[in-house]
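Undergrad: Pasting in a structure now, in C-alpha cells, and then I'll have a few things to ask.
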Amino acid sequence: MTEMARTAATEPDRPGGGQPVLDRLIALLDLEKIEENIFRGVSPAHSPVRVFGGQVAGQALVAAGRTVPEERRVHSLHAYFIRGGDPSVPIVYEVDRIRDGRSFTTRRVVAVQHGKAIFSLSASFQKDEPGIEHAETMPEGIPAPETLPTLMERAEGYAIGAHSRPRPIDVRYVNEPPWITRETGKRPARNQVWMRADGKLPEDELLHVCVLTYASDMTLLDSVLARHGVYWDTDKVLGASLDHALWFHRPFRADEWFLYDSASPTASGARGLATGRFFAEDGTLIATVVQEGLLRVL
C-alpha cells in the first residue's frame with residue numbers, strides 16, 4: 001500500500017471530522033498499483049464489522065479511472081455488493097478494459113478478498129461533447145446548509161453509535177432525521193440532507209467524483225426506513241447495500257455543498273428501493289442515484 005494509505009489505515013480514531021479526517025479518506029482512495037490493471041486498497045482502522053459500501057465503490061472507481069485518459073469523464077457506474085468486505089485485510093481491485101471507443105471507454109472492476117469477489121462495478125467514461133440540455137430544478141424552500149445543525153448536534157441525546165465515529169463528510173439534515181421522526185410519528189416521503197467533503201480536496205476531478213460516490217451510500221436507505229418509523233441503531237434492523245447505480249450529469253466540486261434529495265418508491269421482499277438526486281448549492285442537478293438495499297426488520 002502507499003505510505004499515505006498505510007498511515008490512514010493505522011491511525012487511531014479522533015472525534016468529529018474536518019481536514020484530518022478528510023485527508024484519511026483521500027489517502028484511502030490513493031490505491032497502490034501492484035500490476036498492470038491490478039490495484040490494492042485498505043480500510044481505516046475504525047471500520048465496523050464490514051467495509052463501508054461507499055468506500056469500496058469509491059476505490060473501485062479510482063481503479064477504473066486510473067486506466068482511462070484524463071480527458072474522459074465518468075458519466076455512469078453500476079455496481080453490485082456481493083459479499084461483506086473484511087476491513088482487516090487489503091482489497092484487490094482487478095480492472096478489465098472492456099472497450100476503448102472513439103467517444104466512450106468502458107471498464108469493469110472486481111474487488112477481491114480471500115480469493116472471492118466481494119464487489120463488482122462497471123463504469124463508462126466519455127469525452128466532452130456538445131448536445132441538448134435540460135434538468136429538473138432543486139426543491140423549493142430548502143434552508144441554507146450553514147443554518148442547519150451538524151450531524152453530531154442532531155444526534156445529541158440519542159444512542160446513535162455510528163454518528164460518533166469520525167466522518168470525512170459533513171452532513172446536515174434539512175428535515176428531521178429518521179431517529180427523530182420514529183418518535184414523533186411522522187412518516188416523511190423524502191429524506192433531504194446537505195453534504196460536502198469536510199475540508200479541501202485537491203484539484204483532481206476523478207477524486208471529487210469518487211468522494212461523491214463514497215457519500216452517495218450515506219443516508220440513502222434512510223428514505224426507506226423513515227417510511228416505516230424504524231432506524232438502524234434504535235431498532236433491530238439488519239441491512240446492507242445490494243446494488244448501486246450513479247449517473248454524473250455535470251462537473252462539480254465535492255468540497256462544496258450539495259443537496260442529497262432522496263425518496264423510496266417501494267419496499268418488498270425484505271428489500272427497499274431508494275432514488276436520489278444531487279443538486280449543487282446553486283440548484284444545478286449534478287448526479288442521480290438508485291440503490292436497492294437488504295432491509296430485515298427483526
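The values are calculated or read from the model by the stated rules, or taken from the named source; none is laboratory data. All of these numbers come straight from a predicted model, not from anything done at the bench. Backbone-built Cβ (ideal geometry, glycine too); neighbour counts: all protein chains shown. Accessible surface areas use protein heavy atoms only, side chains included; no ligands, DNA or RNA. Shrake-Rupley method; radii C 1.70, N 1.55, O 1.52, S 1.80 Å.
Undergrad: Could you name the lysines whose alpha carbon sits less than 28 Å from that of Lys33, not counting residues in the same chain fewer than 8 places away?
TA: Candidates past the 8-residue exclusion: Lys116, Lys127, Lys200.
Undergrad: Compute, for the stretch 1-127, the length of the dipole vector about the Cα centre, with Cβ point charges of +1 (Lys, Arg) and -1 (Asp, Glu) only. Units Debye, rounded to 20.
TA: With only Lys, Arg, Asp and Glu charged at Cβ, the dipole is about 480 debye.
Undergrad: Excluding ligands and nucleic acids, what accessible area in Å² is computed for Ile98 using a 1.4 Å probe, to the nearest 10?
TA: Roughly 80 Å² of Ile98 is accessible to a 1.4 Å probe.
Undergrad: Show me 209-222, 250-263 ranked by packing, highest mean number of other Cβ atoms within 10 Å first.
TA: Packing order, densest peptide first, comes out as 209-222, 250-263.
Undergrad: From the helices alone, meaning DSSP H stretches of at least four residues, give me the mean residue ellipticity at 222 nm for the chain, per-run term -39500 (n - 2.57), in deg cm²/dmol to the nearest 500.
TA: Theoretical 222 nm ellipticity from helices: -5500 deg cm²/dmol.
Undergrad: Another question, then. For mean projected area of the Cα convex hull in nm², which listed value, [x] 15.5; [y] 31.0; [z] 22.2, comes from the coordinates shown?
TA: Checking each listed value against the structure points to [x].
Undergrad: Provide the packing ranking of 63-73, 265-275, i.e. peptides ordered by the mean count of other C-beta atoms within 10 Å per residue, highest first.
TA: The most tightly packed comes first, giving 63-73, 265-275.
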